[in-house]
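Chemist: Handing you a structure now.
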Amino acid sequence: MSLFEPLTLPRGPAMKNRFLLAPMTNQQARDDGTLTDDELNWLLMRATGDFSLVMTCCSHVHLKGQGFPGELGVYSDALIPGLERLAGALRGAGAISSMQLYHGGIRTITPDRAGPSAAPEDHARAMTVAEVRATIEDFIVAAERAKRAGFDGVELHGAHGYLISAFLSSVYNRREDHYGGSPEKRRRF
């Protein structure tokens, strides 16, 4: 096997080689999550540099889920024109595109921090069941937006104590409803 050999997956387009750009937080988007020329050009350079798959930085699925200044957004249909431009540019350069979907949870930069359980040390409150369900829907709708914008795939950011990993964690998730307790219930999110 060579790094330069194509890689075929069960779904989606084949990759021309095995060089993949992992998601990196570049902090180049506008404050509202809109794509900038700087972010587009940075990612496009990777595609023209022969990466077969280029994944965006973490892209927040809800306005209150933003974890970093300058983070790309996918929480609104108003962001689709920039996302279409990005997906089209990556495809035009011969790369497969993927968008990383993300919610910062208790580590957002917004004043209303919320996670699976209260985290006073992070100034965060526990999400209500209605908020949990709405946030699950935010991820679904964001994936649909990415698809409409022309991305070949999505990845869920489920690490580093952000919302998905917090729900999976018995330390951060101390809920006693059907989103907490056993590993099976913590995975429901």
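The values are calculated or read from the model by the stated rules, or taken from the named source; none is laboratory data. Just so we're clear, the structure is a prediction, and the values are computed from it rather than from any experiment. Heads up, the Cβs are rebuilt from the backbone with ideal geometry, glycines too, and the neighbour counts pull from every protein chain shown. Side chains are part of the model used for accessible areas, which takes the heavy atoms of the whole protein and leaves out ligands, DNA and RNA. Shrake-Rupley method; radii C 1.70, N 1.55, O 1.52, S 1.80 Å.
Chemist: Only loop residues by DSSP count here, and only those with at most 12 other Cβ atoms within 10 Å; note down the trypsin sites (Lys or Arg not before Pro) in region 1-48 that meet that.
Modeler: For trypsin sites (Lys or Arg not before Pro) across region 1-48 that sit outside H, G, I, E and B with at most 12 neighbouring Cβ atoms in 10 Å, the list reads ARG11.
Chemist: Using the alpha carbon gyration tensor of region 126-189, what are the three equivalent-ellipsoid semi-axes (square root of 5 times each eigenvalue), largest first, in whole Å?
Modeler: Value: 25, 13, 9 Å, ordered largest first.
Chemist: Quick one: what do you get for region 68-189 if you divide its Cα Rg by 2.2 N^0.38 Å?
Modeler: 1.16
Chemist: With the chain treated as a Gaussian network of Cα nodes joined by springs under 10 Å, which of ALA14, ALA149, ALA95 yields the largest mean-square fluctuation?
Modeler: ALA14
Chemist: Evaluate the Debye formula for region 15-123 with equal point scatterers sitting on the alpha carbons, no solvent, and hand back log10 of I(q)/I(0) at q = 0.20 Å⁻¹, in q order, two decimals.
Modeler: So the normalised log intensities are -0.95.
Chemist: Right, something else. Per residue, how much accessible surface does region 1-159 expose to a 1.4 Å probe? Answer in Å², no decimals.
Modeler: 48 Å²
Chemist: Name the GluC sites (Glu not before Pro) in region 146-189 that are in a loop by DSSP and that have at most 10 other C-beta atoms within 10 Å, would you?
Modeler: Sites meeting the loop and neighbour criteria: GLU176.
Chemist: Restrict the search to region 77-133; then list the trypsin sites (Lys or Arg not before Pro) that DSSP places in a loop and that have at most 13 other Cβ atoms within 10 Å of their Cβ.
Modeler: When the trypsin sites (Lys or Arg not before Pro) of region 77-133 are filtered for loop state and at most 13 Cβ neighbours within 10 Å, nothing remains.
Chemist: Next up: Can you give the calculated 222 nm mean residue ellipticity of the chain, where each DSSP H run of n ≥ 4 adds -39,500 (n - 2.57) and the sum is split over every residue, rounded to the nearest 500 deg cm²/dmol?
Modeler: Calculated mean residue ellipticity at 222 nm is -9000 deg cm²/dmol.
Chemist: Normalised by the number of residues in the chain, what is the relative contact order in percent for Cα pairs under 8 Å and 6+ residues apart?
Modeler: Reported as a whole number, the value is 19 percent.
Chemist: Still on this structure: Excluding SER117 itself, calculate the net charge of residues whose Cβ lies under 10 Å from the Cβ of SER117, where each Lys or Arg counts +1 and each Asp or Glu counts -1.
Modeler: That works out to +2.
Chemist: Now for a different question. At a 1.4 Å probe radius, carbon and sulfur cover how many percent of the accessible area of the chain?
Modeler: 57 percent
Chemist: Let me ask something else. Checking a compactness column here: for region 93-151, what do you get for Rg(Cα) / (2.2 N^0.38 Å), N being the number of residues?
Modeler: In units of the globular-protein estimate, region 93-151 measures up at 1.42.
Chemist: Continuing with this model, one more query. With helices defined as uninterrupted DSSP H runs, which ones in the chain have an alpha carbon span along their own long axis of at least 24 Å and mean Kyte-Doolittle hydropathy of at least 0.0?
Modeler: Taking the DSSP H segments of the chain (at least 24 Å long, mean hydropathy at least 0.0), we get 129-149.
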